[in-house]
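In what follows, a single structure is set out as structure tokens and then discussed.
The values are calculated or read from the model by the stated rules, or taken from the named source; none is laboratory data. Computed from a predicted structure; not experimentally measured. Please note: Cβ atoms are built from the backbone with ideal geometry, for glycine as well, and neighbour counts cover all protein chains shown.
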Protein chains: 2
Amino acid sequence: MIEDEILIIFQPKNKSIKVPKGTNLIDAADKAGIIIPNICGRSGKCGKCKIKILQEKIPYTLQEEVLLTPEERSYGIHLACQVNAMTNLLVEILTEEKVTTTKFLTYDLANEFEIDNHIRKVFIRLKKPDIKEQLDDIENLKSSISLPTRQISIPLPVLQNLSSFLRKNDFGGTFVFSDNSIINIESGDTTNRLFGLAFDLGTTTIVGSLVNMFTGEILGISARTNPQTKQGADVISRVKYATSEPGGLTKLQAIVIESINEIIEELCNQAEVNFREIYELSLAGNTIMNHLFLGVTPKYIAESPYIPAFRKSQQFTAEELGITIQPRSPVSTLPNISGYVGGDITGFILASDFHKSDKIILGIDIGTNGEIVLGSKDRLLCCSAAAGPAFEGGHITNGMRAMEGAIDKFNIGDDQAFFHVIGETDPRGICGTGLIDVVAELLRVGVINITGKIETPGADSLPSWLQKRIIVGEKNNSFILVQENESNLQKQIILSQRDIRELQLGKGAIAAGIAILCKELGIAINEIDQILIAGAFGSYLNKYNAQTIGLIPAIPAERVKYVGNAASLGAKKFLLSQKIREEADQIINNADYIELSSRPDFQEIFAEKMLFEPSH
Amino acid sequence: MIEDEILIIFQPKNKSIKVPKGTNLIDAADKAGIIIPNICGRSGKCGKCKIKILQEKIPYTLQEEVLLTPEERSYGIHLACQVNAMTNLLVEILTEEKVTTTKFLTYDLANEFEIDNHIRKVFIRLKKPDIKEQLDDIENLKSSISLPTRQISIPLPVLQNLSSFLRKNDFGGTFVFSDNSIINIESGDTTNRLFGLAFDLGTTTIVGSLVNMFTGEILGISARTNPQTKQGADVISRVKYATSEPGGLTKLQAIVIESINEIIEELCNQAEVNFREIYELSLAGNTIMNHLFLGVTPKYIAESPYIPAFRKSQQFTAEELGITIQPRSPVSTLPNISGYVGGDITGFILASDFHKSDKIILGIDIGTNGEIVLGSKDRLLCCSAAAGPAFEGGHITNGMRAMEGAIDKFNIGDDQAFFHVIGETDPRGICGTGLIDVVAELLRVGVINITGKIETPGADSLPSWLQKRIIVGEKNNSFILVQENESNLQKQIILSQRDIRELQLGKGAIAAGIAILCKELGIAINEIDQILIAGAFGSYLNKYNAQTIGLIPAIPAERVKYVGNAASLGAKKFLLSQKIREEADQIINNADYIELSSRPDFQEIFAEKMLFEPSH
């Protein structure tokens, strides 16, 4: 072992890793393949990255004193972000981010479309050169191609290989064209094999799909937590990291590309495809993710007047970006509509065919920002509502993201509360969808009123088991979601009055955004024909409860659909069809982006939409 | 000093260099900045790389035993290519390649043409973005450009810099376009500064010219011996090296690009131009040099049916090729006419305006291959004659290239012989032009006859001083060019019968090529209106003597012109004008290449042209 290196062993998986002295535990865990959740960019504020240090005693930082209970500290629980390891450590992981891929694609939206690949493979056999007809190899090739244009270009590495290739392969081979450029030559006739990748680059999760480019068949899906979450859970903290840390932008780009490469390797192994057979990649991310992916500063998106460097699809080669597929393959971002309505929403629109619909569709993708699209083939409007972190479990006393240990469903019965925990384990906290269920249920049974206040119960207003769950405080009350003995952290999971306010701000922002788009389109809210909810959040959401609290319009529930990972599907359609690429360009040119912050009526509508009541 | 490193000191310059044990002395010298001539690719056959090893005694190889006299060996003279240094050595350099740049450009041909640059610089001030008109930076830029097309493309590094650049520079800057691609942005208004480079990549010498792209003014010229000469003096030995040595092709490309970069650095320093201000480079080399420059194997040019990978101009970026100018600048090769009539000849044609001429012009570039062009605006013919190494001093007993110490002119007076030595030093050998002079003079005075035979003089046929110079041998005679005391190697410089045969083969091949082109064009040799002789060789050539021996047609001598480095001038015109690039494409499409080896009449004409008599 090198001097100044220390050994860290992570339990219960017994993974060990050598790191330089002073390495932060989040980085050490990452190196060991374990992602510890952290949503504050390691500032010691979110308290999400709890771990337990066994055997050793390490002093606590001020942030830890604030966020950890004396009991937790007595067990050796620390915030991983506050520990820079100076000696060998034995660390117990309490919370690990895990991604389940099952819900990433729904096939409701897998509508038919014509495959019209940008990449073309053609088997060509050239004439053998003879001394009389002195055609050089390129001229010989050009004269053998029956393409509309003969203006082909040949990249340097292909030119360097051309002469030897032809002579080793009896002057025949499969030529791979991207537009008029021959990006590779393969031995033999391989015109029946062509693969591509569609990526959804989410702020939280990266999902890659390996696609057979002739049939559109998905050969595999793989996902990773976006490693940039270590530099902050939301886009704004990443912009801060990119612009204020030296080398921050380069690092954010590098780690996301590394993660993409890991996904590609996994997909290739599973499907027995060689990475060199992958000739195209499309990627749908929000505007800031797209900028970071290309190493373009997102700084000016985050400050007024919120201008991105680009909206249109950007295309570079895999080689330029360091992506390990066939080096000269085109890698394209889906076009962004605005700084806060990105390529993921363009993907959602493409996947759902909004832009071809006779009906008026409302599309929502709920996260830290709630992106909202409204319209039909006649007109498309969109906006981004600053929903805050509540839907992702941020700023919530026992909040957490929708991962193992999170309460994602909650229901109040006659004599007890029922809840569901992701991963079927003991509950460790509550995620956004659980929160919506809780508030809807508490509204229904009368624990809270439409202003969101947890009322101090009167004598017989509630069954006694429910009354006992209300903790009456000096100013505000709280509600016990899970009793101490039910939780794996041996403590209560509670809902505070402040937690309800956080949710209220988030739901108010989204509902106000929807209302303003309806107003702008000149329709009443109940004239919406269909609601599509995208994203992982939508998959866990109870639509009835979402309507009860007024998060989404109260149209007949059968017309509300979860569409899962629509961005991935949009990226796949973009990957496979040049016509759809043109449609994407038209979408971003024609969609009207409404900047909510510049609307004089926003504050009033927002205030109104803060109430927990159905929205009509 | 690291173990296994040894120290080599080169005298008389007292340059010392540390190299790994076993390093070949040619490499060691190269590392010390000294180029030792070697034309056989270090096979120990040419005997050109003599050096003297002081103090140490080193055993001789078989090749050295053959090529060095016992006397030379007694002095410690070795062939550098045969010595792999195993201990510290003190080495005296006897012959160093030096390049004089004075003769590289003649201005006879600097005909007027319109500058029409491919690279455009435009100062653009963009609108400042506001929150209402949400134009992204690229859209803002496009809307500010008054170019015919708005289909601009922005390379990744420029995109990565765009947003910050605009905000640091008050949304204004100088945008540099190559076609529709913005390859760089410069602060402020720099539209009055734009530089380019024209290179003549010769088999022996690389010449670079730094050009003001607005005026065409040449700001500096710099030259280097082509470092590939270490891997063989002629193109065929380089093809062998590239195809048979592991990594040979890569190495040949790397060293020539390194040399080009050195020339660029020198030119930039002299002219006070920053390398980032250079936005274009054009390069004229023969077909094999062009292939090696791009790292494309020249293997199939060297074997039947002699097919190059490309003939047309190839354009890549400086970055792709490792050339240190503005990274995304286009670097273009001049188009080749055939495997053995390359971009240098296209440059010669462009420089001389053959393709626009009413008169019939004969153009000759003499080297190991003699490239010949004949024609006018109506029709252009060309061929390559395998002249062999005689014109470059190869296979000649005391032959050497036209460098310091070489007899380049020779003249027989009434009672003595006069000669001129390049560099005004003592003579060390004779170069091609000197050889032509010698043969012409010996013909004139009757020492040799038109068959080239050195006759054994009869009693009073020659003055006695001249008779004494003829060494009568058993089979063949020789002629003493320089007496022992006049030479700095303390030995005679002689001309053997075999040397004359070598020259005869070379001159026969070229004269036969000319005769065949005339025949093909349907003219008599004396119907040629003008002869242009290009290349360094031409600059030293005595045209009267060249006509006497029948190397060039015997048309009135005032119509024979030396045009010096026409390839450089052609590269410069190609650099500065898009129209001229189109002309170059037409030239290679329209010029008829005659493969001499496939002509049934070649042998007969060749035999006839071996005679030393004027060619009509």
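Of note:
- As a summary of the residue check, A:Leu443 satisfies the conditions (1) over 29 Å from the mean Cα position of the chain (by Cα); (2) in a loop (DSSP other than H, G, I, E, B) except for the one numbered (2).
Condition check ((1) surrounded by 24 or more Cβ atoms within 10 Å (Cβ to Cβ); (2) closer than 15 Å to A:Ala566 by Cβ; (3) within 14 Å of another protein chain (Cβ to nearest Cβ)) across all residues:
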position	(1), (2), (3)
A:Ile325	yes, no, no
A:Arg328	no, no, yes
A:Ser332	no, no, yes
A:Asn336	yes, no, yes
A:Val341	yes, yes, yes
A:Asp344	yes, yes, no
A:Ile349	yes, yes, no
A:Asp353	no, yes, no
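- In region A:388-415, the qualifying residues are those that are hydrophobic (A, V, I, L, M, F, W, C) and assigned to a strand (DSSP E or B), and the one that is farthest from A:Glu486 (Cα to Cα) is A:Ile412.
- Flag if A:Ile361 is within 12 Å of chain B (Cβ to nearest Cβ) and touching a Phe, Trp or Tyr at 6+ places or on another chain (Cβ under 9 Å): no
- Of all residues in region B:290-301 being within 7 Å of chain A (Cβ to nearest Cβ) and β-branched (Val, Ile, Thr), the one that is surrounded by the most Cβ atoms within 10 Å (Cβ to Cβ): B:Val296
- Screening B:Ser178 with (1) in contact with a His (Cβ under 7 Å, 6 or more places away or on another chain); (2) within 17 Å of B:Ala284 (Cβ to Cβ); (3) not charged (D, E, K, R) gives one miss only, at (2).
- In region A:164-232, counting only strands (runs of 3 or more DSSP E) that sit wholly within it, the ones holding 2 or more residues that are closer than 30 Å to A:Tyr340 by Cα and within 33 Å of the chain's Cα centre (by Cα) span A:195-201, A:205-212, A:218-225.
- Any hit, region B:349-363, residues being under 30 Å from B:Ser478 (Cα atoms) and assigned to a strand (DSSP E or B): no
- Single match in A:Gln134, A:Gln160, A:Gln151 (criterion: within 12 Å of another protein chain (Cβ to nearest Cβ) and either surrounded by fewer than 18 Cβ atoms within 10 Å (Cβ to Cβ) or of a type in the set (D, E, K, R) (or both)): A:Gln151
- The set of residues from region B:46-87 being touching a helix residue (DSSP H, G or I) at 6+ places or on another chain (Cβ under 7 Å) and either surrounded by fewer than 21 Cβ atoms within 10 Å (Cβ to Cβ) or not assigned by TED's automatic domain parsing to the domain that holds B:Lys21 (or both) comprises B:Gly47, B:Tyr60, B:Thr61, B:Gln63.
- Test: residue in region A:190-199 that is basic (Lys, Arg) and out of contact with any strand residue (DSSP E or B) (no Cβ under 9 Å at 6 or more places or on another chain): no
- Among the residues of region A:543-596, the ones that are basic (Lys, Arg) and surrounded by 23 or more Cβ atoms within 10 Å (Cβ to Cβ) come to 2 in all.
- Identity of the residue in region A:302-322, in a helix (DSSP H, G or I) and at the interface with chain B (Cβ under 9 Å from one of its Cβ atoms), that ends up surrounded by the most Cβ atoms within 10 Å (Cβ to Cβ): A:Leu321
- Some residue of region B:254-262 being more than 22 Å from B:Thr346 (Cβ to Cβ), within 14 Å of chain A (Cβ to nearest Cβ) and either modelled with pLDDT of 95 or more or surrounded by fewer than 18 Cβ atoms within 10 Å (Cβ to Cβ) (or both): yes
- Among the residues of region B:187-219, the ones that are at positive phi and without any contact (Cβ under 8 Å) to a residue 60 or more places away in the chain come to 1 in all.
- Flag for B:Arg276 being more than 9 Å from chain A (Cβ to nearest Cβ), assigned to a helix (DSSP H, G or I) and among the basic types (Lys, Arg): yes
- Which numbered condition B:Glu265 fails, given (1) in contact with a helix residue (DSSP H, G or I) (Cβ under 8 Å, 6 or more places away or on another chain); (2) away from every other protein chain (no Cβ under 11 Å); (3) modelled with pLDDT under 95: (3)
- Just so you know, in region A:163-205 the residues that are hydroxyl-bearing (Ser, Thr, Tyr) and within 12 Å of chain B (Cβ to nearest Cβ) include one that is farthest from B:Thr243 (Cα to Cα), and it is A:Ser163.
- Qualifying residues in region B:434-467 (those that are of a type in the set (A, V, I, L, M), surrounded by fewer than 21 Cβ atoms within 10 Å (Cβ to Cβ) and touching a residue at least 60 places away in the same chain (Cβ under 8 Å)) - the one nearest to B:Gly508 (Cα to Cα): B:Ile450
- Residue among B:Ile533, B:Ile523, B:Ile500 that is at pLDDT 95 or above and surrounded by 18 or more Cβ atoms within 10 Å (Cβ to Cβ): B:Ile500
- Subset of region B:557-594 that is within 14 Å of chain A (Cβ to nearest Cβ) and over 24 Å from B:Asp529 (Cα atoms) - its residue that is farthest from the chain's Cα centre (by Cα): B:Asn589
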